[in-house]
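Written out below as structure tokens is the structure these notes cover.
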Amino acid sequence: MKNKQSGLNPGLPDLLICLPNILLFIEMKRTKGGVVSEVQKEWIDTLNEYPSVYAKVCKGYDEAVKFVEDCLKIDVNYQFFKKRG
């Protein structure tokens, strides 16, 4: 109810990580039994349409950490190639 009153849209991912060249959105779910709603799926799909934005549903801490690490590798590679021309 508080989220609705403050203007937040339902389904917005739980975490936003801002890095210099990319944005990461993570919807956290339990490793067992976590269910993704249709609204959450729509958010993830829509966010992934934007360049330099990566969004994912992660089941548990370990999956979320791996997602962030993988995205950091993408960013490092992007920076490497951008500097080389």
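The values are calculated or read from the model by the stated rules, or taken from the named source; none is laboratory data. Bear in mind the structure is a predicted one, so any value in this text is a computation, not a measurement. Cβ sites come from the backbone with ideal geometry, for glycine too, and all protein chains shown count toward neighbours.
Considering only residues of segment 1-32 that are part of a loop (DSSP other than H, G, I, E, B) and modelled with pLDDT of 90 or more, which is surrounded by the fewest Cβ atoms within 10 Å (Cβ to Cβ)?
So the residue we want is LYS32.
Keeping to segment 17-42, report how many residues are among the β-branched types (Val, Ile, Thr) and either in contact with a Phe, Trp or Tyr (Cβ under 6 Å, 6 or more places away or on another chain) or under 13 Å from LEU72 (Cβ atoms) (or both).
Of the residues in segment 17-42, the ones among the β-branched types (Val, Ile, Thr) are 17, 22, 26, 31, 35-36, 39.
So of that shortlist, the ones also either in contact with a Phe, Trp or Tyr (Cβ under 6 Å, 6 or more places away or on another chain) or under 13 Å from LEU72 (Cβ atoms) (or both) come out as 17, 22.
Looking only at that region, the number is 2.
Which one of the conditions (1) exposed (fewer than 12 other Cβ atoms within 10 Å of the Cβ); (2) farther than 24 Å from LEU72 by Cβ; (3) of a type outside the set (Ser, Thr, Tyr) does ASP45 fail to meet, given that it meets all the rest?
Condition (2) is where ASP45 drops out.
With (1) surrounded by 12 or more Cβ atoms within 10 Å (Cβ to Cβ); (2) closer than 19 Å to PRO10 by Cβ; (3) at pLDDT below 95 as the list, and VAL35 as the residue in question, which single condition is left unmet?
For VAL35, the exception is condition (1).
For residues in segment 48-75 being charged (D, E, K, R) and either in a helix (DSSP H, G or I) or crowded, with 18+ Cβ neighbours inside 10 Å (or both), which is modelled with the lowest pLDDT? Give the derivation first.
Looking only at segment 48-75, we keep the residues that are charged (D, E, K, R), and these are 49, 56, 59, 62-63, 66, 69-70, 73, 75.
Still in the list and also either in a helix (DSSP H, G or I) or crowded, with 18+ Cβ neighbours inside 10 Å (or both): 56, 62-63, 66, 69-70, 73, 75.
Values: LYS56: 96, ASP62: 95, GLU63: 95, LYS66: 94, GLU69: 90, ASP70: 90, LYS73: 83, ASP75: 63.
In this case the residue turns out to be ASP75.
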